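In what follows, a single structure is set out as structure tokens and then discussed.
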Amino acid sequence: MPELPEVETVRRGLQPVLEGQKLISVVVRRNNLRIPFPKDFAKKLTGKTVIYLTRRAKYLLMHIEGGDVVIVHLGMSGHMTILEKNIPKPGKHDHVDFCTSGNVVVRFCDPRRFGLMTLTTEKKLDTHKLIKDIGPDPLANNFNYIILAAALVGRKTPIKAALLDQRTIAGLGNIYASESLFRSGILPMRLAHSINIVEVEKLTKGIRDVLSEALEAGGSSFSDHVKPDGKLGYFQNNFKVYGKEAEICSVCLKAQIKKIRQSGRSTFYCPVCQT
Ligand SMILES: [Zn+2]
């Protein structure tokens, strides 16, 4: 599933071909993905210019001339591809094409259809039901350990689950939550409220470092995630615990990486490095 670095990679990849470009046509080949497309989705966007692209957690936002905002979520398997010349016929899972005045087609393909596209306006964006409860973005300049500490106060859930909760912190998924906890030396089953301030500071640094490094590497190419230019991200080569069960930890060189289930998701950790 794409996490924050993958969505940010997609946003950066699409910026040069969408920002400032007029949408000559928008082709929608189904009525719905995870949720139905709004009525007149294509009609509302056709002929309008994309002003800029932003991101909230794992939602990609296309800000459109006139005040509309397209909210896009890639779901489990969604990806955007930039097509320039010799545009191939759409395949079975190619659900949306954005055709621009720059003679580019941005094609959204989503085999499992857990993604979504919907519309709101600049005015209603902050109160939109998909957006309103999203917690602070760990890559924002003003994010710091005080903000994270405040979000963990009184939380009696395991820290891993708290990090996956998008109201605590935006955009962290299973992989980067495991990797951040490893880097900060915190066991994933510790209760969130038991993490002391020094540990929260380490965790904040762990989260920011792991996300920035992943971003630098163009995200991780697990499952279907591909950057919009068709190249693969390669951060998965830097995983220290995720998917490494039974391997010897590359930091302490002593323990085997353990894998457990936490609320239905796999968690990986080193029983020596993390306490
Ligand atoms: Zn270790």
Report, ordered by the first and then the second residue, all pairs with beta carbons closer than 9 Å, sequence separation of six or more or different chains, a first member in the stretch 238-254 that is more than 13 Å from the ligand (Cβ to nearest atom), and a second member that is among the small types (Gly, Ala, Ser) and assigned to a loop (DSSP other than H, G, I, E, B).
Asn238/Ala217
For the stretch 21-42, does any single residue satisfy the condition of being surrounded by fewer than 20 Cβ atoms within 10 Å (Cβ to Cβ), out of contact with any Cys (no Cβ under 9 Å at 6 or more places or on another chain) and closer than 20 Å to Pro138 by Cα?
no
Before we move on, is Lys231 modelled with pLDDT under 95, in a loop (DSSP other than H, G, I, E, B), within 16 Å of the ligand (Cβ to nearest atom) and open to solvent by 50 Å² or more (accessible area, probe 1.4 Å)?
no
I want to confirm something. Restricting to the stretch 255-275 and keeping residues that are assigned to a loop (DSSP other than H, G, I, E, B) and away from the ligand (no atom under 15 Å from the Cβ), which single residue is modelled with the highest pLDDT?
Gly264
Inside the stretch 126-171, can you point out the residues that are of a type in the set (Gly, Ala, Ser), surrounded by fewer than 17 Cβ atoms within 10 Å (Cβ to Cβ) and in a helix (DSSP H, G or I)?
Ala150
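The values are calculated or read from the model by the stated rules, or taken from the named source; none is laboratory data. Not measured: the values here are computed from a predicted model. Counting neighbours? That spans all protein chains shown, and the Cβs are built from the backbone with ideal geometry, glycine included. These area figures cover heavy atoms from the full protein model, side chains too; ligands, DNA and RNA do not enter into them. Shrake-Rupley method; radii C 1.70, N 1.55, O 1.52, S 1.80 Å.
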